[in-house]
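A.B. asks: Dropping a structure here in structure tokens format, bear with me for questions.
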Amino acid sequence: KKKLAALAFCLLLVISVVLCGCSQNVEANKNRKINSVNHRGYGDAPENTLSAYRLSKEMGFTMVECDVCFTKDGQAVLLHDDTVNRTSNINSQGKVKISDLTLAEARELDFGSLKNDKYKGEKIPTYQEFIDLCVELELYPYIEIKNGATAEQVASLAEVVANSELTTVTWIARNIDFLSQLAEIRPNDRLGLIVNIVSSKSINALAEID
């Protein structure tokens, strides 16, 4: 009984410490330097938006991850899903793919109000805008290229980085061909293969890229 009581006390102590940490004001944590990758930008703002990456900088992150896909007219934008339904205010009973919308059509949607009213009117950012922001805020980008991109589109993403003030970036993808192509175009960049299960096949594929 004494051991159980002691264990219960320890658990309550841990929980109270965690809750205290979670309740800290956002303002108190600004300007920290965190050597960690902020996934899709800081979560208090809508994911994969410029507001999310600005908040990442304010919260002390030095590296940020984004997801890149392409519109119907071939413009690179930031979006995690194939469709815009989950993250925008689109009024549609069916799923609407970003690849079925032009950039102008996608820009008409609100990608902020579902998260918080203060982000109402937030537009889907272009990849160029994201890279420019990383340069401005001195953020190191982890760029995930979503499936469905063409070799020409992958090359265009690399060209945007080459024309920026960024020295290196990290590219991540599920498609090993994307990484193989980028290894040739930008040999000094870091590469990451996304897999559900680490297998000898994926290891050998990466080894071939060297």
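The values are calculated or read from the model by the stated rules, or taken from the named source; none is laboratory data. Fair warning: this is a prediction, and the values are worked out from it, not measured in the lab. Glycine also receives a Cβ, built like all others from the backbone with ideal geometry; neighbour counts cover every protein chain displayed. Calculation scope for accessible area: heavy atoms of the full protein, side chains included, ligands and nucleic acids excluded. Shrake-Rupley method; radii C 1.70, N 1.55, O 1.52, S 1.80 Å.
A.B. asks: Hey, Leu166 hits all of (1) open to solvent by 50 Å² or more (accessible area, probe 1.4 Å); (2) assigned to a loop (DSSP other than H, G, I, E, B); (3) more than 16 Å from Phe70 (Cβ to Cβ) but one; which does it fall short on?
C.D. replies: With respect to (1) open to solvent by 50 Å² or more (accessible area, probe 1.4 Å); (2) assigned to a loop (DSSP other than H, G, I, E, B); (3) more than 16 Å from Phe70 (Cβ to Cβ), Leu166 is out only on (1).
A.B. asks: Next question. Are any residues in the stretch 185-201 closer than 25 Å to Val161 by Cβ and surrounded by 10 or more Cβ atoms within 10 Å (Cβ to Cβ), and if so, which ones?
C.D. replies: At the first step, the residues of the stretch 185-201 found to be closer than 25 Å to Val161 by Cβ are 185-195.
Residues satisfying the conditions are Ile185, Arg186, Asp189, Arg190, Leu191, Gly192, Leu193, Ile194, Val195.
A quick yes/no check of all residues on (1) over 19 Å from the mean Cα position of the chain (by Cα); (2) among the charged types (D, E, K, R); (3) modelled with pLDDT of 95 or more:
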| position | (1), (2), (3) |
| --- | --- |
| Leu12 | yes, no, no |
| Gly41 | no, no, yes |
| Thr49 | no, no, yes |
| Gly60 | no, no, no |
| Cys66 | no, no, yes |
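A.B. asks: Inspect all residues belonging to the stretch 98-120 and state whether any of them is under 21 Å from Ser164 (Cβ atoms), open to solvent by less than 10 Å² (accessible area, probe 1.4 Å), touching an Asp or Glu at 6+ places or on another chain (Cβ under 8 Å) and among the aliphatic types (A, V, I, L, M). Steps first, please.
C.D. replies: Going through the stretch 98-120, the residues under 21 Å from Ser164 (Cβ atoms) turn out to be 103.
Now drop any that are not open to solvent by less than 10 Å² (accessible area, probe 1.4 Å), which leaves none.
Scanning the stretch 98-120 turns up no residue that is under 21 Å from Ser164 (Cβ atoms), open to solvent by less than 10 Å² (accessible area, probe 1.4 Å), touching an Asp or Glu at 6+ places or on another chain (Cβ under 8 Å) and among the aliphatic types (A, V, I, L, M).
A.B. asks: Quick check on my filter: what residues within the stretch 138-161 are under 25 Å from Thr49 (Cβ atoms) and exposed (fewer than 15 other Cβ atoms within 10 Å of the Cβ)?
C.D. replies: Here is the first cut: in the stretch 138-161, the residues under 25 Å from Thr49 (Cβ atoms) are 138-149, 153-154, 156-161.
Result: Glu138, Asn147, Gly148, Glu159.
A.B. asks: Return only the number of the condition from (1) part of a loop (DSSP other than H, G, I, E, B); (2) buried (at least 16 other Cβ atoms within 10 Å of the Cβ) that Gln93 does not satisfy.
C.D. replies: (2)
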